[in-house]
Ligand code: FUC
């Protein structure tokens, strides 16, 4: 029996700054160059992939190993996935739907799961995997053990640099992925003209991951491996389907076909071109092997493309694109390539800075800091973590490209964990949690476009499989925007993936208040809402409208299945979706009759419930105590607390107390992303010490690889983004119509500053604090805007001036 229910009817999102409804009108932040801390560095080359450093221009990227005897660039292109356009919709689903629902009503969950497994799943049952372009291996003749080796990734210039000294003078190798010129540039310099190497391409291949499909908490440390300075990897025999040929006297062209997917034929071709500009001798053999001799400087230009044009069109000409890009880049000087690359990167990266204080650890190489993070205080590592996440988002999610997938852009093999797809029951959403707060709203555009495409494929899934209007997406999607339920009912039979993405995009709009985004978003919100208007069912106990069939993502209830009706997360997500559709529709003055139906349905969604142990119920029934995995990584029913604001410390203290009970039972440390989510939740509740303690576990060597990549393990990028969202949430929050300063500041960060951060309501802010108290604040936003500011328990309304600015200083308390 539930101890009580609490209505959320009064909780329609309150806009911050009631006056400002349109436009950004943002003055730019004063800060141009981020602090010196924006750098990862190492004293040795990467022995493993998780020590290599990522570069990327949003579409084309590489992992740079920084090795001395053989440099390895492992390459990815964001549209090189397995398969081809396909339609996974299963027409048998509609007939099975009433029966599956009836079994759920009767509590025959296992039978419901079995029937849904037989008739309601996608065909094929799996989606397509993200791929890889293989590696470029530069093997140096006469390489020797270096002196003075250093390797770094400068986040502000997006450049990976290796320097070392050999018997024959100093070497410098610099790599960047230019968004301006759509090429990866590798510049090699040897003081005394000793550059002598062969270049080989190793085709896409399977990789042995240490622990694929890992889902529990990490137990082993992910420490660095011992390095062999002159290590070589074998390119192996050339794959029959990958063709390598000379392309002019100084170039090589590699062409190939993608992998076939499960029951879906391969449909993409790709091209990878390399052009060498050098003062030494360059030779290209008939087989397309390239060698350079006796050079002092070499500039390698690398371009890649696939025939992907859109999720339904694979008719592009990658070879023509690659040749055109190489031609254009070769016509520019290295200095011009570098300048234009930096300008394009800085246009997004600059304008934000975060300082949380420095300890002695800040001077150490990055891998040593991570290794010590659980024992030594290193606030600057948390600041670096945020800057690294910003860097990763810019490199893997640029406007016009694909969104960041489970590994962003970087993936070593053709068999990545979970296909390196878009898992939309938490992971893809988490990738975008910090984006707006850290000034990277522009990088959300690929997500918006993906959801626009999903609303097309998802309309077919809704119509054929559910007999419903609107559109639906389940727990995963891929390059082809597949939207039917995959993997099996315990994972796939969850109809709220599209709705959660819509809510994520709503938050993006709410930060910036860009009318153009609202206009694109509204049809998506409307369509997603129509699906639920048509598919929500009456709870047989009269509690209102609920989803059925569904699951509380990936967690089993006590009756041998995950399949159920009306789990808390669905109720919270649909409630938000309806609220956002209502607000968007009203702002745009559209669809009044439909909005009235959405509003009526919203009021009939059962509220959150508190169970017999004082926990927030994960399901409509009080099942939590008997569920088989009390520490399950997903905390789906806490969606309402974070990222949503339905449950919050100001308006629903009883639900917050219940959320705490739930979280304590779930435990603080889980796998990467799940640990990050827990940190966000404690931060949102104003529990800075608790959030900080969890962060320490996230940033330490059990969950972070030496290259600062989040471990699932293996690598999964969501934790990098979720952890950064938690850090931002500890410093500034904006929900419920208020801007909260330092709401969860831990003792470990007594002094610091944040510049160029964003908050909901079209606001940007610079904030400095000392002794744990705010010392100065500058707000920018729409002219004349009223902002409700909360500094601990003190709430005041301040007004931005006619230039959209407000500044305040606090007297020193010392
Ligand atoms: C969900 C999670 C797993 C993993 C996968 C990509 O299925 O439960 O932990 O993150 O997505």
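For region 693-814, the share of alpha carbon pairs falling in successive 5 Å distance bins from zero is 2, 10, 19, 19, 16, 13, 10, 6, 4, 1, 0 percent. Relative to the longest principal axis of the Cα atoms of the chain, the long axis of helix 568-588 makes an angle of roughly 90 degrees.
Assign one of three labels to region 392-474, namely rounded, prolate or oblate, based on the Cα gyration tensor with a ≥ b ≥ c the square roots of its eigenvalues; rounded applies when a/c is under 1.5, prolate when it is not and a/b is larger than b/c, and oblate otherwise.
Working: a/c = 2.38, a/b = 1.47, b/c = 1.62.
Verdict is oblate for region 392-474.
Ordering 343, 255, 79 by the number of other Cβ atoms within 10 Å of each residue's own Cβ, fewest first, gives 343, 255, 79. Treating the angle as unsigned and between 0 and 90°, give the value, to the nearest 10°, between the Cα long axis of helix 672-684 and the longest Cα principal axis of the chain. Around 50 degrees separate the two axes. Enclosing the Cα atoms of region 610-747 in their convex hull gives a volume equal to 102 cubic angstrom per residue.
Measure out, as a whole number of angstrom, how far apart the alpha-carbon centroids of region 360-404 and region 39-63 sit. Region 360-404 and region 39-63 have Cα centres spaced 12 Å from each other. Annotation: the residues 332, 421, 167, sorted from fewest to most other C-beta atoms within 10 Å of their own C-beta, follow the order 167, 332, 421. Kirkwood radius for region 631-671, taken over all pairs of different Cα atoms as the inverse mean of 1/r, rounds to 10.5 Å. At 1.567 mPa s and 4 °C, plugging the Kirkwood radius over alpha-carbon pairs of the chain into Stokes-Einstein gives what diffusion coefficient in µm²/s? Rounded to a whole number, D works out at 48 µm²/s.
Taking every alpha-carbon pair within region 723-793, the share separated by more than 13 Å comes to 63 percent. Across region 436-514, Cα-Cα pairs more than 22 Å apart make up 28 percent of the total. Projected over all directions and averaged, the alpha-carbon convex hull of region 546-609 occupies 4.8 nm².
Estimated purely from DSSP H runs of n ≥ 4, each contributing -39500 (n - 2.57), the mean residue ellipticity at 222 nm for the chain is -9000 deg cm²/dmol once divided by its residues. Note on region 230-272: along the principal axes its Cα atoms extend 40, 30, 15 Å, ordered by decreasing extent.
Over region 333-488, the hull volume per residue, using the convex hull of the C-alpha atoms, is 174 Å³. Out of every Cα pair in region 591-681, what percent are spaced more than 18 Å from each other? More than 18 Å apart: 49 percent of the Cα pairs in region 591-681. Centre-to-centre separation between the Cα atoms of region 266-321 and those of region 673-719: 38 Å.
Projected onto their three principal axes, the Cα atoms of region 280-346 cover extents of 48, 39, 16 Å, largest first.
Extent of region 51-198 along its three principal axes (Cα atoms, max minus min coordinate, largest first): 79, 30, 30 Å.
Here 571, 586, 293 are placed in order of increasing Cβ neighbour count within 10 Å, fewest first, which gives 586, 293, 571.
What the Kirkwood sum gives for region 320-405 is a hydrodynamic radius of 15.9 Å, with every pair of different alpha carbons counted. How far, in degrees from 0 to 90, does helix 592-602 lean away from the longest principal axis of the Cα atoms of the chain, to the nearest 10? It works out to around 80 degrees. Under Stokes-Einstein, with the Kirkwood radius over Cα pairs as Rh, the value for region 495-609 at 37 °C and 0.692 mPa s is 224 µm²/s. In terms of the mean number of neighbouring beta-carbon atoms within 10 Å, the peptides 495-501, 668-674, 429-435, 798-804 order highest first as 495-501, 429-435, 668-674, 798-804.
Laboratory data are not the source of any read-out in this text; all were calculated from the coordinates shown. Not measured: the values here are computed from a predicted model. Positions of Cβ are backbone-derived with ideal geometry, glycine not excepted, and every protein chain shown enters the neighbour counts.
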